[in-house]
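Novice: Take this structure first; my questions come after.
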Amino acid sequence: MPLHVVTQQKDQEYIVLIIDRKKRFSDFLAERMVDEMTVVMVSHTPPANESVIHVPFEGDIPQIPDGNYSHIFFIADTQTPETLVEPLLTKAHATNGRFIFVCDRQVYSTHLSETIHKDGVLSSIVVTGDIYDEKNKGQIQKLFYYAKQNATIILPNTGVGSVYPVSFQETIEAILHVGFGTGRTKIAYAFSNHPFTFLAIAHVLQKADPMLKIDFSEENQSDLSPSRNGIYLAKQETSLATIIHAFHRYRQDGQIEKKDRKETTPEAFFPASTSTTVKKKVFTWKYKLWVFLSCFLFLVLLPIFSEFFGIFLLSQLPRLLSQQQFYQGISVAQASENFFTFTQTSSTSVFSVLEILGEGAIVTSIKNMLVNQMQLARTVKLFAIAGEDYTTATNGTSWTPGATLQDGIGALQSALLSFEQMHIPSFFRIPSADVAAMQSVEPLLTNTSPLLPQLLGVNKKQTYLILFQNNMELRPSGGFIGSYAIMAMDKGKISDMSIHNVYDADGQLKGHIEPPFVIRRYIPLVHWYLRDSGFDVDFAKSAADAAFFLKEETNQQVDGVIAIDLSFVQQLITAVGPVYIPQYNQTVTAENFFLLTEKHAEKNTFAGSTQKQDFLQALFIALQESLKIKHVSPFGIIQMITMSIQEKHILFADADPFVQDALTVNDLSSSLWDPRPSNQNRVNDFTGINEANIGVNKDNYFLKRSVAQQVTIAPSGSVSAQLTVTYTNTNNGNWPGGPYKNYLRFILPENAILRSVIINGIDQRLVAAVTNPAVYEAPGFQAPIGLETERTGEEGKTIYGFLVTVPTNQTNTIVIHYDIPQTFVMSQPAFTYSALLFKQPGALSYPYTFSLVYPKTAKPLGIPAGMSRNENTLTGAFAFDQDKTITVTFSNP
């Protein structure tokens, strides 16, 4: 693809000089230029294109031919001498040419910028990011390399350093844009302003391959401090999904560079020591006592006092942090660390004496205690720094609130990682529940930290639609939407929140929006509204529908959608404790929450009534007051939110495609997107059971369900399955329950073939569902005889749906048989089966039994956790409350 140069003089001849010692980018840059201009390349090895003039890079300062260069591209690496910069700048100035300095972001510095940007020189700096594709061996490729070679992702330091992923092609485009674009760019970043952390990337790689481990090295990762004058040039945001696909390609096709190296034996590092006889000196007990007393009088007292003051200050920190006195907490933590450091230094002589006396074990114990205390002081200081940064970023006192919040998030991540690895002494009074909560929130914080400044509205106010989904009237996205809220996040805090009755918004819809056929035919409703928008099995798409309806009905535009159900609020009340609502003179507990909500928000309501939003608004205010009064641990709340996210009782979607991709990859949007690799002789199975309560009641409160699934791998390599769903409706017909009218959908692998459906032991005659309203609303329409079954496709999945009704006080059993089109090549030495069990949002935990029958000639190379083996069958039983992946690799004889 030729380069189209933007210039006013079309007949101008360009002579371009590219200095690229290692040929990182020069071949690809030259290929774009050589058809339209003369290109001179200075590099170790000749260029790929013979039309390019090559000058060997020999010695420290190569001999560059003189000429009037219109553009000089200097591709820097760690071994390229910086002494070349000055004469090249002089040359560019003399010929009125452009000087483009290209370097890694780890190399970029303010000093470098001041050197290059001299008056009179048309100079630019292009800072390259972390290139993830096969043409580079950067930070991300290093993660790929260790993951492929050792099944371990090795992260630098604590793993919270920033990574700016970008493709090789995007990097080339950015360099050319700076070199030949109109105008002058002083500093350009060849990536987007949306970094990830190493830990975030490691966690999504673990989602793609749960067998990968994470380890840390002592390598310090320098971070980029973007200039205010710099611009970001990447045209496309690099998504976590793209990185996962690149990782899969690397493991299949990646070429690992092999270098000649000498064999290193353990003896090279640990030479055999010569035998030495040491004569042990014997001391009398009187001499030992005299030495001990002397050491105590002259050396021990000072370290003891220092240790005492360090412990005293450290013990005050939990109180300071709970009172949000973060600035004082930083000072106290630093003083405590200083005292412990002094104790360690001043105790050296005492340690030596004790070791002479043969008390080395005591010395080791004391040293370990001091190291733990110093580490604890540093860790608590990081917690205080995180709190102070958050306060500064959200109260308007920071010049760069986004960067300040990001620093605070990094400090919190480092603190949580460090906190997991230390012993907490008894004098440091922190509840054990808080310790467990801290350990559980670290992965969520790591995965979402790059998004938090934007999501919290630190730099720009964000408006969210909050959907209150009643999962006692279960719908595909989590529950029937009876109410909604508009929430504004500004500088990290909720600046405004108003709760509304969904029927008020729906009453403002002008025109007709065609609903899914299930809504129109079986509820039935001719029009589609916000209250029924959550009908897609992929929440990200349902959220987009909800945002669309809100805009059409109320003209309110939102930046994102958050869905919460009754179970989330119930868990929040459990974490906070009983909540008193003075307006209603009632105390809401986790046990009575649902029935009280139905009483005040649903029963005897009428058109125009505000009782629903009034009760929810009062409950929300009472919860806020309880959080302030009871001093509930923030980590306990975050732990509860983390659990709710895992169980899909709270879901997130965003209008920004980059943010939405990160939410999808981190399982925050209940998306059908599948991170698993598509390797040779591997079958990726997928099973989702999705229900829609269209009976206009709250019967899911009374419903119990269980699932049993058996997958069979035949000796021929074909894969089939039987799935049994059992429903028991415990309601006796009284409000708010009734018959469970359920549009049931099974989400299966692409092109899966539904062989049969058996309901209560009766084999059903399957017929295609009538989905055209012109047909089923026509006078005299009679439904076809048999079970009307709808087949659709979405996100590489095949979905079968049909209507099932479970009467009150009755149990129904639905059994389906289906075939998976993918098959194994049984002549291969190994094959892998992977099942992803997809939980419906809003569904409560229920028993799930999974069995895998495989050929008797095959042998599982490992048995997944929680499963047992009986002959040629693997079986596991568990409470199904979140997505679950089961992967087994078999060997063939």
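Novice: Among the numbered criteria (1) open to solvent by 20 Å² or more (accessible area, probe 1.4 Å); (2) touching a Gly at 6+ places or on another chain (Cβ under 8 Å), which single criterion is violated by residue 546?
Specialist: Every listed condition holds for residue 546 apart from (1).
Novice: Let me ask something else about it. Somewhere in region 88-106, is a residue in a loop (DSSP other than H, G, I, E, B), out of contact with any Ser or Thr (no Cβ under 9 Å at 6 or more places or on another chain), without any contact (Cβ under 8 Å) to a residue 40 or more places away in the chain and surrounded by fewer than 20 Cβ atoms within 10 Å (Cβ to Cβ)?
Specialist: no
Novice: Pairs under 8 Å by beta carbon, first residue in a loop (DSSP other than H, G, I, E, B) in region 863-881, partner of a type in the set (D, E, K, R) and surrounded by 15 or more Cβ atoms within 10 Å (Cβ to Cβ), six or more apart or different chains?
Specialist: Listed by first residue and then by second, the contacts come to 881/647; 881/839.
Novice: All but one of (1) surrounded by 18 or more Cβ atoms within 10 Å (Cβ to Cβ); (2) more than 23 Å from residue 211 (Cα to Cα) hold for residue 825, so report the exception by its number.
Specialist: Of everything listed in (1) surrounded by 18 or more Cβ atoms within 10 Å (Cβ to Cβ); (2) more than 23 Å from residue 211 (Cα to Cα), residue 825 misses just condition (1).
Novice: Among the residues of region 16-56, write down those that are in a strand (DSSP E or B) and either among the aromatic types (Phe, Trp, Tyr) or within 40 Å of the chain's Cα centre (by Cα) (or both).
Specialist: 18, 19, 20
Novice: Now a separate question. Mind checking which residues of region 620-644 are in contact with a strand residue (DSSP E or B) (Cβ under 8 Å, 6 or more places away or on another chain) and not aromatic (Phe, Trp, Tyr)?
Specialist: 622, 623, 626, 641, 644, listed by residue number.
Novice: While we're looking at this one, here's another question. Can residue 862 be described as open to solvent by less than 50 Å² (accessible area, probe 1.4 Å) and under 33 Å from the mean Cα position of the chain (by Cα)?
Specialist: So residue 862 passes the test.
Novice: So which residues in region 482-530 are of a type in the set (A, V, I, L, M), farther than 24 Å from residue 598 by Cβ, open to solvent by less than 40 Å² (accessible area, probe 1.4 Å) and not in a strand (DSSP E or B), if there are any at all?
Specialist: If the condition is that a residue be of a type in the set (A, V, I, L, M), farther than 24 Å from residue 598 by Cβ, open to solvent by less than 40 Å² (accessible area, probe 1.4 Å) and not in a strand (DSSP E or B), then 509, 513, 518 are the ones that fit.
Novice: Within region 693-704, how many residues turn out to be buried (at least 20 other Cβ atoms within 10 Å of the Cβ) and either among the aliphatic types (A, V, I, L, M) or assigned to a strand (DSSP E or B) (or both)?
Specialist: Count: 3.
Novice: Just to be sure before I move on: is residue 759 at pLDDT 95 or above and either open to solvent by 70 Å² or more (accessible area, probe 1.4 Å) or more than 26 Å from residue 733 (Cα to Cα) (or both) in the structure I sent?
Specialist: Spelling it out, it is not the case that residue 759 is at pLDDT 95 or above and either open to solvent by 70 Å² or more (accessible area, probe 1.4 Å) or more than 26 Å from residue 733 (Cα to Cα) (or both).
Novice: Mind checking which helices (runs of 4 or more DSSP H) fall wholly inside region 270-381 and carry at least 2 residues that are under 30 Å from residue 627 (Cα atoms) and modelled with pLDDT under 80?
Specialist: 301-322
Novice: Take the residues of region 503-555 that are in contact with a Ser or Thr (Cβ under 6 Å, 6 or more places away or on another chain) and of a type in the set (A, V, I, L, M, F, W, C): which is nearest to residue 775 (Cα to Cα)?
Specialist: Out of the qualifying residues, it is 517.
Novice: Quick one: which strands (runs of 3 or more DSSP E) sit completely within region 707-786 and have at least 3 residues that are touching a residue at least 60 places away in the same chain (Cβ under 8 Å) and of a type outside the set (Lys, Arg)?
Specialist: Working: elements: 719-729, 740-749, 753-759, 766-768.
Ranges flagged: 719-729, 740-749, 753-759.
Novice: Right, here's the next one. Give the number of residues within region 306-331 that are surrounded by 15 or more Cβ atoms within 10 Å (Cβ to Cβ) and more than 35 Å from the chain's Cα centre (by Cα).
Specialist: The total comes to 6.
Novice: Is it the case that residue 179 is touching a His at 6+ places or on another chain (Cβ under 6 Å), open to solvent by less than 10 Å² (accessible area, probe 1.4 Å) and touching a residue at least 24 places away in the same chain (Cβ under 8 Å)?
Specialist: Considered against the rule, which asks whether it is touching a His at 6+ places or on another chain (Cβ under 6 Å), open to solvent by less than 10 Å² (accessible area, probe 1.4 Å) and touching a residue at least 24 places away in the same chain (Cβ under 8 Å), residue 179 comes out as yes.
The values are calculated or read from the model by the stated rules, or taken from the named source; none is laboratory data. Note that the structure is a prediction, hence the values are computed from the model and not measured. We place every Cβ from the backbone using ideal geometry, glycine too, and count neighbours over all the protein chains shown. When the accessible area is computed, the model is the full protein with side chains, heavy atoms only, and any ligands, DNA or RNA have been set aside. Shrake-Rupley method; radii C 1.70, N 1.55, O 1.52, S 1.80 Å.
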